[in-house]
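Enquirer: The structure that follows is given in the form of structure tokens.
Any read-out appearing in this document is the output of simple, stated calculations on the displayed coordinates, not a laboratory observation. What you are looking at is a predicted structure, and each value in this text was computed from that prediction instead of being measured. All Cβ positions, glycine included, derive from the backbone under ideal geometry; neighbour counts span all protein chains shown.
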Amino acid sequence: MVTSIHTQIPTVLLIDDERMYRLIVGDYLRDSGYAVLEAESAAEGMRIFENVQPDIVITDLRMPGGNGNQVVTRLQNIAPETPVIIISGTANLEEALGTLREGACDFIPKPVREMDRIKQAIDAAMNKVRLNQESRFIKRALEEEIAQRTCELRELNAQLKHALESTVNALGVIVAQKDPYTAGHNERVARIAMALGHSMGLAQNRIETLRVAGNLHDIGKISVPEEILNKPDRLTPEEYEQVKIHPETGFDILKDIPFNGPVAEIVLQHHERYNGTGYPRGLKRDEALLEARILSVADIYEALTSDRPYRQAIPHDQAMAHIIREAGNQVCPLCACAFVAANKSGALLAIAENASPGQRPDCGAKLP
Ligand SMILES: [Fe+2]
């Protein structure tokens, strides 16, 4: 195929079976500054079009071996942007309107009394093409700009998220260094809470919030003296009161960090109990967030199944029995059901198999 000859001089393909008319119109167009290609039939016109791809097509309607309507229809399929002007002396009004409906941009009746009418039709059609091209160019440029900005924002967002995770992980490391019993416990509580969230069919963003809150739930222990955190015996009531501050301290640390979910509030509520016997606010039933109730039961289970300085872990079955027994008392019944489901699915077993020996006690398990 010959490549397009879209140069500064617009190219007009003139299709008409009347040689005299092609000469008259052709000469007029050349004099007006156009390059002109001529065809004496619709078939020849289409061959030329496919080889040269002119800027505009002018065609007669009724010609031997094919008519102008076929040219209009064909060009609508292969080059809808190319304007087609009909010049015909045989068409009635209905036929003229029909060609416009099929995609022709103008209709000029023969004989053409004012040749300038042809130039006006070409100029109008070319202007429309140019405007369409400019519009498409602007639209494409805008789309590229938006895509670029979206990409940059995504990258920035990922960097911020990474920075945020690194910061909170660093906080977790500080707490873990201060309280070696915390190391591993947080991660296991997070994984158990996520397994419960999956059992409940929670949306992915809420499960992600459970992961973050689980990993940070004891971060407030940074304010508890090390001698209390590391005490091998049961705590005195006074010492226990100091430990009980840690959900509020955790909330204060996290409350201004822009997490995607209510992480700080969950951390604040993770020692609340379903029957209102928890702390710091003694919330009952669904006064506590569902995520906090999930984290609470995950925390209880992890503490029960972990060794402590003053007692050994209890077996999984006994811990499960405890949770089922406490459903409706200390434990949210929904969460207890989710626990049973996660147990049946093997999710809890998978977490337990990954746990290292010498699991850590939870502060809530140091009840005097
Ligand atoms: Fe805690």
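Enquirer: Chymotrypsin sites (Phe, Trp or Tyr not before Pro), restricted to the range 11-61: which are DSSP loop and have at most 15 other Cβ atoms within 10 Å?
Expert: Details: sites: Y21, Y28, Y34, F49; in loops: Y34.
For chymotrypsin sites (Phe, Trp or Tyr not before Pro) across the range 11-61 that sit outside H, G, I, E and B with at most 15 neighbouring Cβ atoms in 10 Å, the list is empty.
Enquirer: If you don't mind, there's one more thing I want to ask. Using Cα pairs closer than 8 Å and at least 6 residues apart in sequence, work out the relative contact order for the range 11-135, in percent.
Expert: Details: 186 pairs, mean separation 27.3, N = 125.
Value for the range 11-135: 22 percent.
Enquirer: Using Cα pairs closer than 8 Å and at least 6 residues apart in sequence, work out the relative contact order for the chain, in percent. List each step's numbers first, then the result.
Expert: On the way: 530 pairs, mean separation 42.9, N = 368.
Relative contact order of the chain: 12 percent.
Enquirer: With unit charges on the beta carbons (Lys and Arg positive, Asp and Glu negative) and the dipole taken about the Cα centre of the chain, which residue among Y240, I48, L156 sits farthest to the positive side?
Expert: Among Y240, I48, L156, the one farthest towards the positive end of the dipole of the chain is Y240.
Enquirer: With charges only on Cβ, +1 for K and R and -1 for D and E, what is the dipole size of the range 1-114 about its Cα centre, in debye, rounded to 20? Don't skip to the answer; put the middle values down first.
Expert: Working: 9 positive and 17 negative charges, 11 e Å.
Charge dipole of the range 1-114: 60 debye, to the nearest 20.
Enquirer: With only Lys, Arg, Asp and Glu charged, each at its Cβ (+1 for the first two, -1 for the last two), find how big the charge dipole of the range 128-278 is about the Cα centre; round to the nearest 20 debye. Working shown, then result.
Expert: On the way: 19 positive and 22 negative charges, 207 e Å.
The calculated dipole for the range 128-278 is roughly 1000 debye.
Enquirer: Picking from S306, T59, P80, whose Cα lies most toward the positive end of the charge dipole for the chain (charges on Cβ: Lys, Arg +1; Asp, Glu -1)?
Expert: S306
Enquirer: List C332, C105, C151 from most exposed to least, where exposure is judged by having the fewest other Cβ atoms within 10 Å.
Expert: Values: C332 25, C105 20, C151 10.
If I rank by nearby Cβ atoms, fewest first, I get C151, C105, C332.
Enquirer: Please compute the contact order of the range 139-217 in relative form: average sequence separation of alpha-carbon pairs under 8 Å and at least six residues apart, divided by the residue count, as a percent. Could you put the intermediate results ahead of the total?
Expert: Numbers: 33 pairs, mean separation 21.6, N = 79.
Relative contact order, the range 139-217: 27 percent.
Enquirer: Name the residue farthest towards the positive end of the dipole of the chain from the options N275, V297, A147, assuming +1 on Cβ of Lys and Arg, -1 on Cβ of Asp and Glu, about the Cα centre.
Expert: Value: N275.
Enquirer: Going through the range 54-138, which GluC sites (Glu not before Pro) have at most 14 other Cβ atoms within 10 Å and a DSSP loop state?
Expert: Those satisfying the criteria are E81, E114.
Enquirer: Also: Using the 10 angstrom Cβ neighbour count as an exposure proxy, how do T99, T249 rank, fewest first?
Expert: Values: T99 25, T249 18.
In increasing order of surrounding Cβ atoms, one gets T249, T99.
Enquirer: Which of L196, L348, L29 moves the most in a Gaussian network model of the chain with Cα springs under 10 Å?
Expert: L29
Enquirer: What ranking of L235, L289 emerges when the number of other C-beta atoms within 10 Å of each C-beta is taken as an exposure proxy, fewest first?
Expert: Working: L235 17, L289 21.
So the residues, fewest neighbours to most, are L235, L289.
Enquirer: Please give the charge dipole size of the chain, origin at the Cα centre, charges +1 on K and R Cβ atoms and -1 on D and E Cβ atoms. Round to the nearest 20 debye. Mind showing how you got there, number by number?
Expert: Values: 40 positive and 51 negative charges, 192 e Å.
Here the chain has a charge dipole of around 920 debye.
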